[in-house]
Amino acid sequence: MDTLRKIVPPANFATTEAKINSFAAAYGTILYFDDTTIVDNMASQFPLYAKNFPIWAQQANGMMQFAVWTALTDLGLGVNLQHYNPLIDDEVKKLTGVPKEWQLIAQMPFGHPTEPPKPIVKVPIEERVKVLQ
């Protein structure tokens, strides 16, 4: 909250504060990190693909987030995904004691659902997915 208070204009802070307070009511929060040491090590072992390893790490992290989200939802929990990084990275690392090489990717508060999820307006599937035969 203190980190965001320094950045968000006072006129807009009430909305931010309410959102952060809603996360505080959660049962817990899962923090998702990538260990950049491992990613860099893999990149150095396979120079031809070196530029892809950070991309692949992000993709793997996203798949893990989806799997955990699905598992928590199956248990009847409410879940959301937040991205306050890199604004909060230093404070989170101090609080959790994770290595400096770990890159915060996302935060996933979970708890009792307070309301059903609101529908998300999306571009029609025919415009987003192309099937080639």
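The values are calculated or read from the model by the stated rules, or taken from the named source; none is laboratory data. Every value quoted in this text rests on a predicted model; they were computed, and no experiment measured them. Please note: Cβ atoms are built from the backbone with ideal geometry, for glycine as well, and neighbour counts cover all protein chains shown.
Contact annotation: residue pairs with Cβ atoms under 7 Å, 6 or more positions apart or on different chains, pairing a residue in the range 1-28 that is closer than 25 Å to L77 by Cβ with a partner that is among the charged types (D, E, K, R), are M1/E17. Take V98 and tell me if it is among the β-branched types (V, I, T), modelled with pLDDT under 95 and either over 19 Å from the mean Cα position of the chain (by Cα) or under 26 Å from I20 (Cα atoms) (or both). No; evaluated as a whole, the condition is false for this residue.
In this structure, P54 does not satisfy being closer than 27 Å to M1 by Cα and out of contact with any Lys or Arg (no Cβ under 7 Å at 6 or more places or on another chain). Summed over the range 70-88, the residues that are over 13 Å from A106 (Cα atoms) and either loosely packed, with under 14 Cβ neighbours inside 10 Å or among the basic types (K, R) (or both) give a count of 5.
In the set A57, A50, A67, only one residue is buried (at least 16 other Cβ atoms within 10 Å of the Cβ) and either among the small types (G, A, S) or free of Cβ contacts under 8 Å to residues at least 12 places away in the same chain (or both); that residue is A57. Screening the range 1-22 for residues that are surrounded by 10 or more Cβ atoms within 10 Å (Cβ to Cβ) and under 21 Å from G97 (Cα atoms) and picking the one that is modelled with the lowest pLDDT gives M1.
Only residues that are without any contact (Cβ under 8 Å) to a residue 40 or more places away in the chain and either hydroxyl-bearing (S, T, Y) or in contact with a Cys (Cβ under 9 Å, 6 or more places away or on another chain) (or both) were counted across the range 92-107, and they come to 0.
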